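Encoded as structure tokens, the structure appears first; notes follow it.
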Amino acid sequence: IAVIAQADARSATLAVDGELTLASRRGGVALRSAGALDLQSDSAIGTRAPEWTLNAEHAQCKVSQLDYQGAEARFSVLVSRFVGRACEAVLDRLQLLTRSSFRVVAVSEQVRAGHIDMQSSTVLRLHAKNTLVTSREIVKVDAEQIHMG
């Protein structure tokens, strides 16, 4: 009778001992709140649906560990930032198409490949205090002009 009469108009609690299911056999179920809507569980929260949509002006996600499995992930963003201690990627293929690229490596960069093909439409510049070019079989330099020294 307290639920019907609502003894305290500022607060109401629906509490049961045991499992509780809210179900609609022929329509949807909507939870609406004028204030914050807070879902809490002492063990887990699970969602299952053929489609899941989230619309928000601002979202925060804090997770200790995230495991994602899926067929495809697409992101459309204006700015993307990643800050971390380490990034590891194991891929069969990596393809990057960009209008401009810039990278700074403070200590060392190493590339190990079976074949490297670099092509520039105007200038390819290698500059260092010391530059070493070694080959077991052939070193070929081909140009209209070759300047040494």
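The values are calculated or read from the model by the stated rules, or taken from the named source; none is laboratory data. Note that the coordinates shown come from a computational prediction; the quantities given were computed from them, not determined experimentally. SASA here: full protein model, heavy atoms, side chains in, ligands and nucleic acids out. Shrake-Rupley method; radii C 1.70, N 1.55, O 1.52, S 1.80 Å.
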Q) Each residue of the stretch 107-117 in turn: what ³J(HN,Hα) in whole Hz from Karplus with 6.51, -1.76, 1.60 and θ = phi - 60°, glycine and Pro shown as x? A) 10, 8, 10, 10, 10, 10, 8, x, 8, 10, 10
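Give the carbon-plus-sulfur fraction of the accessible surface of the stretch 16-63 in %, rounded to a whole number; probe 1.4 Å, heavy atoms of protein chains only. Mind dumping the intermediate values first?
Details: 2620 of 5670 Å².
Looking at the stretch 16-63 in its full context, I get 46 percent from C and S.
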Q. Projected area of the stretch 15-54, taken from the Cα convex hull and averaged over every viewing direction, in nm²?
A. 4.7
Q) Considering the Cα trace of the stretch 77-149, what is its radius of gyration and what is Dmax, both in angstroms? A) 17.5, 49
**Q.** Spherically averaged projected area of the chain from its Cα convex hull (nm²)
**A.** 19.8
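Expressed in nm², what is the orientationally averaged projection area of the convex hull enclosing the Cα positions of the stretch 62-104?
Details: hull surface 21.1 nm².
In nm², the orientation-averaged hull projection of the stretch 62-104 is 5.3.
Given a 1.4 Å probe and every protein chain left where it sits, what share in percent of the accessible area of the stretch 85-149 is carbon and sulfur? Can you show the working numbers first?
Numbers: 4080 of 8360 Å².
So the carbon and sulfur contribution to the accessible surface is 49 percent.
When the helix-only estimate is applied to the chain (DSSP H runs of n ≥ 4, each -39,500 (n - 2.57), divided by the residue count), what is the mean residue ellipticity at 222 nm, nearest 500 deg cm²/dmol? Walk me through the intermediate numbers first.
On the way: 1 runs with 4 residues, N = 149.
When only DSSP H runs of four or more count, the value is -500 deg cm²/dmol.
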Q: Tabulate in residue order the Karplus-calculated ³J(HN,Hα) for the stretch 134-143, using 6.51 cos²θ - 1.76 cosθ + 1.60 with θ = phi - 60°, rounded to whole Hz; enter x for Gly and Pro.
A: 10, 8, 7, 10, 10, 10, 10, 10, 10, 6
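Per residue, how large is the accessible surface of the chain? Use a 1.4 angstrom probe and give square angstrom.
On the way: 18340 Å² over 149 residues.
Normalised by residue count, the accessible surface of the chain is 123 Å².
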